[in-house]
1. Starting from the Cα of D153, step 7 Å toward the Cβ, then list every residue of segment 79-104 with an amide N under 20 Å from that point.
2. Counting only residues 5 or more places away or on other chains, whose amide H sits under 5 Å from the amide H of R45 once H atoms are built in the peptide plane?
3. For segment 1-122, what does the relative contact order come out to in percent, with C-alpha contacts under 8 Å and a separation of six or more?
4. Could you size up the charge dipole of segment 69-210 around its Cα centre, putting +1 on the beta carbon of Lys and Arg and -1 on that of Asp and Glu, and report it in debye to the nearest 20?
5. Using +1 on the beta carbon of Lys and Arg, -1 on that of Asp and Glu, and nothing else charged, what's the dipole of segment 107-167 about the Cα centre, debye to 20?
6. Which Cα, out of P89, L112, S163, lies furthest along the positive dipole direction of segment 84-210 (beta carbon charges, K/R +1, D/E -1)?
7. What is the packing order of peptides 124-132, 47-55, 63-71, taking the mean over residues of other C-beta atoms within 10 Å and listing the highest first?
8. Quick one, which of [x] 28, 19, 16; [y] 36, 19, 15; [z] 35, 25, 15 is the actual semi-axes √(5λ) of the Cα gyration tensor in Å calculated for this model?
Amino acid sequence: MAFHEVRFPVNLSFGSVGGPERRTEVVALTNGFEERNTPWAETRRRYDAGVGLRSLDDIADLIAFFEARQGQLCGFRWRDWADYKSARPSAPVAFEDQAIGVGDGVTAGYQLVKTYASGAASQVRVIRKPVAGTVRIGLQGDELQEGVHYTVDTETGLVSFASPPAVGERITAGFEFDVPVRFDTDRIQVSVASFQAGDVPQVPVVEVRL
């Protein structure tokens, strides 16, 4: 599937609404109990980009971006302002934010991930679109240097070490990241009169699996 390594204008996404979505199948039994199951192993995120539009210039930028992506055809990067880095929103990115693996002396490539934990439960999210220049990697508590000790593929989120980490060495990472998305519509309807009266168009955006 076509994917453009370009980010949706951040000044427009800043005012958007949206977040994670789960699909849960709930079956109520005759005895009052219920069974719950999910066909999704990972969360999918949805947003409405129309809420962030504040001027006719913003609409022009949106339409230009929409046309360049050919509607739903091509995916693109999206910054989720509520969840775009490895650290907490109030903290700077640090190289020990997330554990991404343990060395085995052979493997040189490790995928960036972010773990969401609450109590004893946790969910691991694969990060495939890190932001260039923001990835920091640590090995056994020491920060490494990008371009010397490792490289990062910003299109896949794969970290490749110059030398495979030794057996048992803890690998950590800190980073900013984008969400791979596409428009969830092939139509944008805008009325200048309605927009000036405070009625903004709906521009649905949905996360894509890569």
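The values are calculated or read from the model by the stated rules, or taken from the named source; none is laboratory data. Small disclaimer: the values here were computed from a predicted structure and weren't measured. Positions of Cβ are generated from backbone atoms using ideal geometry, with glycine treated the same way; all protein chains shown enter the neighbour counts. Just the protein is used for accessible areas: all its heavy atoms, side chains included, with ligands, DNA and RNA removed. Shrake-Rupley method; radii C 1.70, N 1.55, O 1.52, S 1.80 Å.
1. Answer for this model: 100-104.
2. Close amide H contacts, sequence-distant or interchain: E21, E207.
3. Answer for segment 1-122 is 28 percent.
4. Computed charge dipole of segment 69-210: roughly 340 debye.
5. It comes to approximately 280 debye.
6. Toward the positive end, the furthest listed residue is P89.
7. Final packing ranking: 47-55, 124-132, 63-71.
8. Recomputing semi-axes √(5λ) of the Cα gyration tensor in Å here picks out [z].
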